[in-house]
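> First, the structure itself, so that you have it in front of you.
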Amino acid sequence: MNAAFAALARIVLPALACGLFAVTARASAAAPQYRLTAWSLQQGAPADIWALAQSADGLLWLGTGNGLYRFDGVRFERFDPPAGRAFRSNNITALHQSAAGGLWLGSYAGSVSLLRGGELTHYDTTQGLPEGMVIALAEDSAGALWIAGRGGLARLHQGRAERIGEHWNYPGRRADWVMADRAGTVWVSNAAHVFYLPRGARRFVDSGVAAGKDATLAQAPDGAIWLSDAGGTRTLPPLAGVAPQQPQPARRYAAHSLRLLFDREGNLWGSDAGRGGAYRVRLDDTQAEITAYNRAGGLSADVAVPLLEDREGTIWIGTNLGLNSLHRNNVHFLQRSGAARLPESAAAVDAAGALWTAHAGTLRRGDTVLAEDLGEVRAIVLGAQGQVWLDRFGRLARFEQGRAIELALPDAATPEDLRLLAAAPDGALLAAYSGPGLLRHDGSAWQRVELGAAYAGRTPRALAAAADGTVWLGYAGDELLRLRAGVVQRYGNAQGLAVGNIGVIAPSGGEVLVAGDGGLARLRGERFETLMPADAHALTGVSGLVRAADGDIWLNSAGGVVHLAAAELERAWSEPGRAPALRLYDYRDGLNGIALQEPTVPTAVSDGAHKVWVVTNQGLAWLDPADLRRNPVAPALLIDAVHAAGRRHPPVPGLRLPQDTTNIRVEYTATSLAVPDRVVFRHRLRGVDTQWQEAGSRREATYTNLGPGDYSFQVIAANDDGRWNEDGATLQFSIAPRFFQTAWFYLLGALLLAALAAALYLWRLRLMAERIRLRLEERTGERERIARELHDTLLQGVQGLLLRLQALSFAMDEDDPRRAALDKAVEQARAMAVEGRDKIVALRGEVSAELPLSAALRAIGEELAATHGTAFRLQVQGHERPLCPPVCEDVLDIAREALRNAFLHAQASQITLELRYGLRSLALRLRDDGRGLDENVLRQGRRDGHWGLVGMRERAERLGARLSLQRITPQGTEVRLDVPRQVAFGDRPRRWSWLRRPGI
């Protein structure tokens, strides 16, 4: 414990105020209750908390004897000043959130610092501040900071510090407290009197009100100024010139409070210097209900100093051993003065709306005690005709005229066999026993209710009786019975019932509701409609159901009290498969315990004031749907850090993460302090996530396998009441690339791949051309072999035959008629020999040497032109070179067929043939201005019954050439043949020849 808290302990711990005021434990059903949460040193809370403040972003700041801390409701984090800007003292004794957005800090050493945007500005005695511990900070309407401390009073405005003394009409070298009220008046206590400085004035006024040492001040919602010192806590009397005037009568309590706080509901809170801990006083005109909070009741310690109400209405108390919060409950427990809660309580509501309770053996109707010493009552059953039955753990009794008259047990039944109770509309009591089954007691004896042989030995899990006399029984496994006028009707899955084990049945207003572990169902006609809430576990162990007047449904379950709004229910009923949203009230809302399991009557009722009462295993609790405390403040979001490459990176704008970063972890938080563990998050990383990721209550996000580039991380959150902050927080960051991850490297790689693909294509093309060339050489060799054999055999034989025929002719007489015939045969044979010789010459490839390709094409075209009377023109581009003989023949055959088709079928006036010797290929293009090929011929590639085009294509494929036919605009046909250079000329282009123009 540091020196400041040691000094404080000398004030708090002595029994100087023993019996100063009596703190009562008195509470009623109308009194608000609070859930106390304590963070001790074991939970990471700092010790010696001197001051509390909430910044504009919702964070809670703690000034402690060991530095400055911030708290987001989950984690405590120490604030480390920037390098070279350390605090003058780490013992922070005062905090104040400035209206301009900064956080003011006062220290034990007398210095004051301003924290704004992560930067610190310091002021100390060198700027004119007095020495000694800073106790309080306040900001007036002009934005000036007032500083109260052991060394006196000072004012800091626009960076200039001024010590306040006689020239301000302020006496003394001490200031115990300073406060600025809502009217702009500055109030100061100095261990002698209370002084005030009206707005805009330059001289303090002595109020004449005595103030002891360590006095503190606060302003109530009605404008009254309160003072607390060793003489007690009281209101200041009306003062001249101070508005508003103090309302009458004046108030006074004997407690000495180190700090005073008025919450938004007008309750007075104080940290008690005499008894320790803190207290709350409900102020009204008739009485003051005082509630104490101390270590015995769960507070982290009894030495408490600072008090704060945050923007969500939570009360915070700092002690020397930790931090505490008091959150107002929506669920309240019925507590009786002088009576401890029993595990078993009972509640029922009569026809007039009055609440009947059995608690600690006492039976009440409202606040009226009807009987005491009844023992433990497990259930109350109220009949329609005024009957009252009590279940005292299986021993049933009828309550009449202040007495409990016990009913005889049914035959073969024990008290432990009793399972369920209900009141029939005719005044009888219905009871389900595990042995005898369903029975009714008409006031004199038990009678068995027949359900049929199938249900004779089965025990129901739920029992209810409707106003029309219908009895409903629920069993495990989606099985429901309706007993009406002696007729039993069964409902199950076939009728749409799918709630699992039935826990409660609620017939009302012509509608039957059934709830179980698997959902909620309602009966419409003869079929059930079933729905399951969004939280699948919310209905686990449901044992109570209330349909409120506004249509809302309240369920008492093992998870807590479940609220389903009527509008949400209607949407779910009308949209099959829709899961209705719900609000769960559990221990976070003050619910102590869970719904009573396996009760004999339903565990939820609604009284005439529309309050919902539930029975739990810890007693009787209630909530008022018309007075539920909502949290309208959407949580502010902060991104704390990005963890990458083994380092923690602050979330600075333009954050650039190191190279090779693939995994990151983003820490974020939301400043909803009311119920922080109910805050839910959604986040997404643009560039990775296509939609929001549901993170639940996790306050960090992890991403793996990231690459270099720019990213944007976004996070949004909702508070405990589902209020979303849709703006959220965003962090832009980037991951630096390696040189092989840059755009220029990818471009270079793409170019290299393209070059490689082109090289592979050319290699493949050359390989195919080489194969074609080899096939052509093979054909040429075969032709030469055939030519040699024909020359050596057939042609020589023919020549020999001609010589013999000539010899025979010469041997005949000239006038012999046979000689003329023989000479004619010799001439024919000689012509055949000449033709055979020409064919042999052609087979050996010597025809190309006689006639160039262009000349052969011109001869063919001109001959056809002369025959058909159509104009023909041949155009030759590039340097003409000799072709491989087999290629030349195939090209001539293709050209001859194309020309013949054009002259015969095109009906053209002009036919043009272009022959181009290119760098990469030999190209022929035949164009005419005729009627053009038919679409069917173009599509099929041939004309029915004709094989010219087919032959052209076959020759082109054999050459490895490309043949195309197409119609041209405005009319005509174009035939194009492209023969690769390697095939046409049997060679390869020279290196760098691609730089030359085509045809050169």
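> Which number in (1) within 48 Å of the chain's Cα centre (by Cα); (2) surrounded by fewer than 22 Cβ atoms within 10 Å (Cβ to Cβ) marks the one condition that TYR108 misses?
Failing condition for TYR108: (2).
> Against the condition outside any loop (DSSP other than H, G, I, E, B) and either charged (D, E, K, R) or crowded, with 20+ Cβ neighbours inside 10 Å (or both), how does LEU114 come out, does it pass?
Criteria not met by LEU114.
> Yes or no: LEU892 assigned by TED's automatic domain parsing to the domain that holds GLN982, touching a residue at least 24 places away in the same chain (Cβ under 8 Å), farther than 24 Å from ARG773 by Cβ and surrounded by 14 or more Cβ atoms within 10 Å (Cβ to Cβ)?
no
> I need the full set of residues from region 491-519 which are at pLDDT 90 or above and out of contact with any strand residue (DSSP E or B) (no Cβ under 6 Å at 6 or more places or on another chain), in order please.
Selection gives ASN493, ALA494.
> Sort out for me the strands (runs of 3 or more DSSP E) sitting completely within region 133-235 that have 1 or more residues that are more than 28 Å from LEU114 (Cβ to Cβ).
Here the list reads 193-197, 205-210, 225-229, 232-235.
> While we're here: Name the residue that is nearest to the chain's Cα centre (by Cα), counting only residues in region 71-95 that are assigned to a strand (DSSP E or B) and buried (at least 21 other Cβ atoms within 10 Å of the Cβ).
PHE71
Here's the yes/no breakdown for (1) exposed (fewer than 12 other Cβ atoms within 10 Å of the Cβ); (2) at pLDDT 80 or above; (3) among the acidic types (Asp, Glu); (4) out of contact with any strand residue (DSSP E or B) (no Cβ under 8 Å at 6 or more places or on another chain):
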site	(1), (2), (3), (4)
ALA829	no, no, no, yes
VAL834	yes, no, no, yes
ALA849	yes, no, no, yes
PRO852	no, yes, no, yes
LEU864	no, yes, no, no
ARG873	no, yes, no, no
PRO882	no, yes, no, yes
CYS888	no, yes, no, yes
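> Among the listed residues LEU473, LEU463, LEU480, LEU438, which satisfies the condition of being within 45 Å of the chain's Cα centre (by Cα), under 23 Å from ALA408 (Cα atoms) and surrounded by 14 or more Cβ atoms within 10 Å (Cβ to Cβ)?
Going through LEU473, LEU463, LEU480, LEU438 in turn, the sole match is LEU463.
> With (1) of a type in the set (Asp, Glu); (2) modelled with pLDDT of 95 or more; (3) assigned to a loop (DSSP other than H, G, I, E, B) as the list, and GLU667 as the residue in question, which single condition is left unmet?
Among (1) of a type in the set (Asp, Glu); (2) modelled with pLDDT of 95 or more; (3) assigned to a loop (DSSP other than H, G, I, E, B), the lone unmet condition for GLU667 is (3).
> Based on this model, can you work out whether SER337 counts as among the hydroxyl-bearing types (Ser, Thr, Tyr) and at pLDDT 95 or above? Before the answer, list the steps.
On the way: among the hydroxyl-bearing types (Ser, Thr, Tyr): yes; at pLDDT 95 or above: no.
The answer is no for SER337.
> Which of the residues belonging to region 432-451 are assigned to a loop (DSSP other than H, G, I, E, B) and aliphatic (A, V, I, L, M)?
Answer for region 432-451, where residues must be assigned to a loop (DSSP other than H, G, I, E, B) and aliphatic (A, V, I, L, M): ALA445, VAL449, LEU451.
> For region 121-143, name all the residues that are buried (at least 17 other Cβ atoms within 10 Å of the Cβ) and among the aliphatic types (A, V, I, L, M).
Of everything in region 121-143, those that are buried (at least 17 other Cβ atoms within 10 Å of the Cβ) and among the aliphatic types (A, V, I, L, M) turn out to be LEU129, MET133, VAL134, ILE135, ALA136, LEU137, ALA138.
> For region 232-243, does any single residue satisfy the condition of being within 23 Å of SER98 (Cβ to Cβ) and surrounded by 21 or more Cβ atoms within 10 Å (Cβ to Cβ)?
No, region 232-243 has no match at all.
> What number of residues within region 399-429 satisfy the criterion of being closer than 15 Å to ARG378 by Cα and touching a Phe, Trp or Tyr at 6+ places or on another chain (Cβ under 8 Å)?
At the first step, the residues of region 399-429 found to be closer than 15 Å to ARG378 by Cα are 399, 404, 406, 415-422.
The next check asks that each one be touching a Phe, Trp or Tyr at 6+ places or on another chain (Cβ under 8 Å); those that pass are 399, 415, 417-419, 421.
The number of residues fulfilling the criteria is 6.
> OK, next. Yes or no: region 897-905 includes at least one residue that is in contact (Cβ under 8 Å) with a residue 24 or more places away in the chain, under 27 Å from LEU762 (Cα atoms) and assigned by TED's automatic domain parsing to the domain that holds LEU977.
no
> Same structure, new question: Mind checking which pairs have a first residue in region 303-332 that is within 20 Å of SER672 (Cβ to Cβ) and a second that is among the basic types (Lys, Arg) and modelled with pLDDT under 95, Cβ under 7 Å, 6 or more apart or different chains?
Close Cβ pairs satisfying both conditions: GLU309/ARG264; GLY313/ARG264; GLY313/ARG328; HIS327/ARG35; ARG328/ARG629; ASN329/ARG35; ASN330/ARG629.
> Could you check region 282-307 and list, in sequence order, the residues that are surrounded by fewer than 21 Cβ atoms within 10 Å (Cβ to Cβ) and assigned to a strand (DSSP E or B)?
Across region 282-307, the qualifying residues are ARG282, GLU289, ILE290, ALA292.
> Could you tell me whether any residue of region 122-132 is of a type outside the set (A, V, I, L, M, F, W, C) and assigned to a strand (DSSP E or B)?
Yes.
The values are calculated or read from the model by the stated rules, or taken from the named source; none is laboratory data. What you see is a predicted model; the values in this text were computed from it and never measured. Cβ: placed from backbone, ideal geometry, glycine included. Neighbour counts: every protein chain shown.
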